[in-house]
Amino acid sequence: MYRIAVCEDESSLQEELVAQCREIVTGLGVEHEIMLFASAEELEAALSDGAQFDLLCLDILLAGKNGMELAMELRKRDEQTSILFITSSREYVLEGYKVNPSVICSSR
């Protein structure tokens, strides 16, 4: 089972991102589970409790701890989990490559 975590704090975008992920993996014929997190802290707590994901779809601009900070901390202990950054801010594009993401997507 392919496990995806979507971390997005804007409620207007949450279901859209989950639906896009679901459409892609369903189209590939991959059995999957998608979990939604409204903050980096929620996702971090799940990871600390033992949750494992194959792909993290992280908004960079989150309230509190941002997606980039979470990814940097994650990379210190996990080089395998794929990361897809989602952002409307171009200023983070180059910085995002420091944590070896799979993809950086801009919503603009």
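The values are calculated or read from the model by the stated rules, or taken from the named source; none is laboratory data. Here the structure is a predicted model, which means the values were calculated and not measured. Ideal geometry is used to build each Cβ from the backbone, glycine not excepted, and the neighbour counts take in all protein chains shown. Quick note on the areas: whole protein, heavy atoms, side chains included, nothing else; ligands and nucleic acids left out. Shrake-Rupley method; radii C 1.70, N 1.55, O 1.52, S 1.80 Å.
Assorted remarks:
- Between the residues L61, A51, G29, the greatest Cα displacement towards the positive end of the dipole of segment 1-61, with unit charges on the Cβ of Lys, Arg, Asp and Glu, is found for G29.
- Neighbour net charge for V25 - beta-carbon separation under 14 angstrom, K R +1, D E -1: -2
- Distant-in-sequence amide contacts of I86, defined by a placed amide H-H separation under 5 Å and a gap of 5 or more residues or a different chain, comprise L58, D59, I60, C105.
- Heavy atoms of D54 accessible to a 1.4 Å probe, total area in Å² rounded to 10: 60 Å²
- Fraction of accessible area attributable to carbon and sulfur, segment 17-60 (%, probe 1.4 Å): 51 percent
- Gained length - S82 relative to M1, 0.36 nm times residue gap less alpha-carbon distance: 27.7 nm
- Point-to-point label distance, D49-M72, nm (Cα→Cβ direction, 7 Å offset): 2.7 nm
- Alpha carbon centroid spacing (whole Å) that separates segment 52-68 from segment 1-47: 11 Å
- Evaluated with a Cβ-only charge set (Lys, Arg +1; Asp, Glu -1), segment 9-88 carries a dipole of roughly 240 debye about its Cα centre, given to the nearest 20.
- Computed 3J(HN,Hα) for segment 6-15, one whole-Hz value per residue from the Karplus formula 6.51 cos²θ - 1.76 cosθ + 1.60 where θ = phi - 60°, is 10, 10, 8, 8, 8, 4, 5, 9, 4, 5, glycine and proline marked x.
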